[in-house]
Amino acid sequence: MGAKPRSGVEKATAAQAARGPDGRCACDTHETRKAVAVDPEIKAANRHRLRRIEGQIRGLQKMVDEDRYCADIITQIASVQEALRGVARNLMRNHLHHCAAKALRSGKREETEAMYDELLELIYAHLR
């Protein structure tokens, strides 16, 4: 049988647990949360995509200002959403290769369980 859907409180608790007892993710190495070992090519690709998305957003604003046909605007919004999902997939790939792998290989049950919870929460909440 599958797991029962979690309530908002359970999700918040799982997200907090994913941070570990000190409130930090397994990939945290500084006082502020930072990613570990971000591949320079992935980072460059994400920056390029985000600049392109920024241009698409400006185009959407212009379409609204010019009272363009609603269906055309909606089509462009879907395009922006898909582009953002692409950035999220790249970020998830990096998170899995580095941060999550580190936590899962740690051999520490609490850290491993926290990472599983964090990954499930990311998938349920953001990567649909």
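Derivation of every value follows stated rules applied to the coordinates shown; laboratory data play no part. From a predicted model like this one, the values you see are computed outputs, not experimental measurements. Every residue, glycine among them, receives a Cβ derived from its backbone with ideal geometry; neighbour counts consider all protein chains shown.
Points to keep in mind about this one:
- Each residue of region 35-40 is assigned a 3J(HN,Hα), and the resulting list reads 6, 9, 6, 6, 4, x Hz, derived from the Karplus form 6.51 cos²θ - 1.76 cosθ + 1.60 (θ = phi - 60°), x at Gly and Pro.
- Across region 83-98, coupling constants 3J(HN,Hα) worked out from phi with the 6.51/-1.76/1.60 Karplus curve, θ = phi - 60°, read 5, 5, 4, x, 5, 4, 5, 4, 5, 5, 4, 5, 4, 5, 5, 10 Hz, and Gly and Pro carry x.
- In this Cβ point-charge picture (+1 for Lys and Arg, -1 for Asp and Glu), region 39-126 has a dipole of about 420 debye about its Cα centre.
- The phi torsions of region 109-123, fed into the Karplus equation with coefficients 6.51, -1.76 and 1.60 and a -60° offset, translate into couplings of 4, 4, 5, 5, 4, 4, 5, 4, 4, 4, 5, 4, 4, 4, 5 Hz, rounded to whole numbers, with Gly and Pro shown as x.
- Net charge of neighbours whose Cβ lies under 13 Å from the Cβ of residue 104, counting Lys and Arg as +1 and Asp and Glu as -1: -1
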